[in-house]
Structures are given as structure tokens and as C-alpha cells.
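Only one structure is covered here, and it is reproduced in the block below.
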């Protein structure tokens, strides 16, 4: 009897597959505070914390890598990651990717130097002939992205570079998420040197983007995102940053 029990146990061990933890590869903008903040090798922020909560709800581990935004786009296009974030929702992106969310909403605004009391924005036509700093690869608002009556300077790889360009007088104004530009200016110690024009260009919803062939993973993420909204985890994350 003992021999039979031993053989039975041995066969069970040999035939039982080893279950490994599921791990996804994820890319994000490397410098997008307060949504993505890199400090001392640790990454956190509103969007990072939301993604972590969703992945925890699914019971899935993930490797998060920060890149310049143009690289985030490239690795998503090549399916080098399972998903990336944060993407502003635009029709062409919904056609190209599986856009899941929204994970957050923010205001897209113009910023000028604090001593600029002349520039007024009520419509895009007010910006004729102006030089506007943008971040390479970013999408802002459809009419703005397509307009050809102002000069678009898209050489900056991130918002920090754009703020420095504005303060150096190399552009007349810059465009970006209000919270991001404010936080970046605080980090640079120049928050008092920029101001925001009152009217928003757009209230932008941001999403995570999956390659088109990852439908099952995208569906799981959306269900888990919906779940953390219902159970209060989502609002608790936002409250930590207020």
C-alpha cells in the first residue's frame, strides 16, 4: 500500500503543470507628473496608481517602462507591449488601437509667460502667426492639430523642455495638460513664471491603448477598471492627489 501511494504521488507531481504568474509588459510616458512621476527609481502618479489598481484587481503582474512619448507610440505600434498609457482619445486612435477607459479626464490649455498680458485666446484664429510649443508625437485637439495658420514647434520630447523653451522666449506659448504643466513648472521652480490662459482648448479623456489583436486582454482590463470605479478604489486614488 505504501508503495502504491508513493507511486501515485510521484505521478501526480510529474504530470501536474507548473502554474506561472501572468505578467504583462506596459509602457508609459516617462515624464508626465502628476500622472506619471519618476522618483529615485520608483514610478507613481495618478495614472500609474489607477493602472496598478486595475492590474491588482485582475491578479496580473506587470513590468512598467517609461519612454519618451514618441517611443511609447513606436512600441505600441510594433506590439512590443501589451498596452501603453496615457492616450488622449481621438477617432483615428480608436481605429488603430483597442482604446480602453477612459482612465482619467483633464483640461488641455495654453500657457504663456507671466509677464505676457497681450495674448488672448477665445478661438484658434487668435493665434495666427504665433509660434506654439508642442511635444513631439502628442495629440491635442483636432482643429489645433490640423491648423496651418500658426507655427507649430514640435521639437520638444517632453513638457519640461517645452516650459524651458517658453521661458527662453523661443516660442510665444505652449499647449498641454493643465495639471501636468503646473506640476512640471513647480518641479523646475518656475511656477510663478508661467500662467494659463483661462479658456480650455479641450477637456481631454485619456485611455490605455492595446494592440488590435489583444482583444481578450483589453476586455479584462476594462472590466477590472469598471470594478475599481464601483468599489470606490478609483475615487480613493484621485483623493490622494487633491
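Here, each number is a calculation from the coordinates, and none is a lab measurement. All values derive from a computational prediction rather than experimental measurement. Glycine also receives a Cβ, built like all others from the backbone with ideal geometry; neighbour counts cover every protein chain displayed.
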Three-way shape call for segment 137-193 based on the alpha-carbon gyration tensor, with the a/c threshold at 1.5 = prolate
For helix 46-58, what angle does its Cα long axis make with the longest principal axis of the chain, in degrees from 0 to 90 and rounded to 10?
-> 20 degrees
note: segment 106-203, Cα-Cα separations exceeding 15 Å make up a percent value of 56 percent
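Output the antiparallel fraction of DSSP beta bridges having both residues in the chain, as a percent to the nearest 5.
Beta bridges within the chain, antiparallel portion: roughly 60 percent.
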If each residue's Cβ is checked for other Cβ atoms within 10 Å, how do 240, 191 rank with the fewest at the top?
-> 240, 191
To the nearest 10 degrees, the tilt of helix 178-188 (Cα long axis) against the first principal axis of the alpha carbons of the chain is 80 degrees
Fewest to most neighbouring Cβ within 10 Å: what's the order for 28, 76?
-> 76, 28
For the chain, what does -39500 (n - 2.57) per DSSP helix run (n ≥ 4), summed and divided by total residues, give at 222 nm, in deg cm²/dmol to the nearest 500?
-> -11000 deg cm²/dmol
Considering the values (i) 13.4; (ii) 14.5; (iii) 17.4, which represents mean projected area of the Cα convex hull in nm² as calculated for the structure under consideration?
-> (iii)
Relative contact order as a percentage, segment 106-203, C-alpha pairs under 8 Å and 6+ apart, gives 48 percent
Rounded tilt (10° steps) of 2-15 against the dominant C-alpha axis of the chain = 30 degrees
For 199, 128, what ranking results if the residue with the fewest other Cβ atoms within 10 Å of its Cβ goes first?
-> 128, 199
